[in-house]
Amino acid sequence: MDPISSFVMGHVAGKVVDYTTRHFQVQIIERWSKYRAKQFFDEFCTEVELELGGTHSEKLNDSLSKLLADDAGSEALFDAYRRVTLAKSKIIGPRLIGIITAELVLQRRMANEFEDILLTAAENLTDEEMIGYSSFCREQLTLADDPKNEDVTFDEKGGLRIKWCDEQFDSNWKSKEPVSISPIDLGECLGRWASRLKEYGVISADIRECSWEYEEDSERHIDSNGTIREISWWIYIPKPFFRLAEIVERVSQRK
């Protein structure tokens, strides 16, 4: 190819790349960034308005201007906007971020440890994953409130303690069948959301073991002394993370 033809072809290719880049920016990046930003800002303003006692728009605008002029408030909003533009969630995540950010701005402070985890979850989980967690948490809280249910209870700090399953081994009953005593695969048992939230400490799993002895008792048809070994698998959700389920449930019901 001669130099002139090469130059023309390179120029045309450059124009095509420029057009594709602009199209991608407008149709993809700006479109969905604006959509998420709107979900966030609508929820943020609603929450601020509620906290200020349902104030009118003029007073709300004045209050927002003062809040945004504050260093802590503007920094919290900048961090929130960064999270929102990168959020995997289109609706629930940005709304959740809006609620927590409104509280931080009104209280003129940065997020604490638990709030930062909620914000991280809102940024990195999809809408479906957050709904999955919320549904599971709500179901387990209902079971924990039932005095007849012994497998789901509250621990000493008010968190959820869920007995997922157990296995008993009797020294007088020999079995050649192997039994796995590995930790629970939360993703397999509950869904992908559980694996994601395990990384943030929202949900965790544990294995417990206990044993007790029994004696020969002909009346109960027990021929000799023996030992029972019990292994149980547990799931835990700390109390501060009930709020994640609460907010997800709240914002997902609103269109």
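Key figures for this structure:
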item: Three principal axis lengths of region 115-255 [C-alpha, angstrom, descending]; result: 66, 32, 24
item: Qualifying trypsin sites (Lys or Arg not before Pro) for region 94-194 [loop in DSSP, other Cβ within 10 Å: at most 14]; result: Arg108, Arg109, Lys148, Lys157, Lys174, Lys176
item: Amide N of region 161-194 lying under 13 Å from the label point, which is placed 7 angstrom from the Cα of Asp223 along Cα→Cβ; result: 172-174
item: Ranked Cys165, Cys137, criterion: other C-beta atoms within 10 Å, fewest first; result: Cys165, Cys137
item: Distance violations [Cα-Cα > 26 Å] among Lys157/Lys198; Lys148/Lys239; Lys66/Lys88; Lys88/Lys198; result: Lys66/Lys88
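Throughout, read-outs are computed from the coordinates displayed, never taken from laboratory work. Remember, it's a predicted structure, so these values are computed and weren't measured experimentally. Quick reminder, even Gly has a Cβ in these numbers, built from the backbone with ideal geometry, and neighbours come from all protein chains shown.
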